[in-house]
1. Would you confirm, using the coordinates I've provided, whether ASN118 is under 26 Å from PRO85 (Cα atoms) and either of a type in the set (Lys, Arg) or without any contact (Cβ under 8 Å) to a residue 24 or more places away in the chain (or both)?
2. For the range 101-188, give me every one of the strands (runs of 3 or more DSSP E) that falls completely inside it and has 3 or more residues that are more than 15 Å from the chain's Cα centre (by Cα) and either of a type in the set (Asp, Glu) or surrounded by fewer than 19 Cβ atoms within 10 Å (Cβ to Cβ) (or both).
3. Give all pairs with beta carbons closer than 9 Å in which a residue from the range 143-163 that is free of Cβ contacts under 8 Å to residues at least 12 places away in the same chain meets a residue that is part of a helix (DSSP H, G or I); count only pairs at least 6 apart in sequence or on separate chains.
4. Output the number of residues of the range 52-62 satisfying the condition of being more than 19 Å from SER36 (Cα to Cα) and surrounded by 16 or more Cβ atoms within 10 Å (Cβ to Cβ).
5. Taking GLN149 as the residue in question, decide whether it is out of contact with any Ser or Thr (no Cβ under 7 Å at 6 or more places or on another chain) and not acidic (Asp, Glu).
6. Mind listing just one residue for me: the one in the range 1-26 that is surrounded by 15 or more Cβ atoms within 10 Å (Cβ to Cβ) and more than 19 Å from GLN212 (Cα to Cα) and, of those, modelled with the lowest pLDDT?
7. Where residues in the range 78-100 are part of a loop (DSSP other than H, G, I, E, B), out of contact with any helix residue (DSSP H, G or I) (no Cβ under 6 Å at 6 or more places or on another chain) and at pLDDT below 75, which of them is surrounded by the most Cβ atoms within 10 Å (Cβ to Cβ)?
8. Could you check the range 197-216 and list, in sequence order, the residues that are over 15 Å from VAL75 (Cβ atoms) and modelled with pLDDT under 90?
Amino acid sequence: MTERQIQILDAIIEQYAEVASPVGSSLLAKLFNVSSATVRAEMANLEELGFISQPHTSAGRVPTDKGYRFYVNQVGGESVKTPNPRVERALAARTNNGGMPERVIRNTVDTLVELTHNLGLGTIGNQLYMSGLSNLFGQPEFIHPAQVQEVARLLDNLEPWLREAAPNEALSVYIGAENPIGRNSGCSLIISKFRSPFSDRSFIGVLGPTRQSYRDVMSLVERAGKTLEESMYE
């Protein structure tokens, strides 16, 4: 892809995360100070490459799983951003309260729910703590019963999958069909590995629609994992 195509793809992903509706050429033309015809030509190339698609009901475009993966790989190559002071304080308050490890993990998961508006999850021994189901099913993507069933299937099997797969990266992102369970759920799983008194491979993270602010959420989830580990072994 050309540099301008990368910039347009990034803009489509970030705008779509905010507005939850297909992104049109007129908006992008204003952002990049070029003609709508130029943007439409670039969008056509991106669509041909499989990075975006055009819903049949709209002239705008939405990212595909392939487009999200390209974007996430870019973001993952950057250093972890320092969250803003409000985020830093929220995580610190929940993890540095001197409580039992189980309570600290639960509190940190609840903080992720509040900050990301996704479903939060964390492993506590052999159990998976989840919070924020209403956030997940309140997203506009999940209005069709068949898709809700796919999401429920993913959630039902998430704990044994995490136990068996035990992802080894500090931060792992599974986008849409990359999820081994519930491939048609339209969800992305973002998890951070951390050490805890329960296991050297404990996990904390979020599950949300593929349409989300990956740059911010990935940074926040990784920060949560690091903060948890530091609070338990400081």
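The values are calculated or read from the model by the stated rules, or taken from the named source; none is laboratory data. The shown structure was predicted, so the numbers you read here are calculated from the model rather than taken from an experiment. All Cβ positions, glycine included, derive from the backbone under ideal geometry; neighbour counts span all protein chains shown.
1. no
2. Passing ranges, in order: 127-131.
3. Between residues of the range 143-163 that are free of Cβ contacts under 8 Å to residues at least 12 places away in the same chain and residues that are part of a helix (DSSP H, G or I), the close pairs are VAL148/PHE137.
4. Summing the residues that are more than 19 Å from SER36 (Cα to Cα) and surrounded by 16 or more Cβ atoms within 10 Å (Cβ to Cβ) in the range 52-62 gives 0.
5. yes
6. Among those residues, the one meeting the criterion is SER25.
7. Going through the qualifying residues, I end up with GLY99.
8. PRO197, PHE198, SER199, ASP200, ARG201
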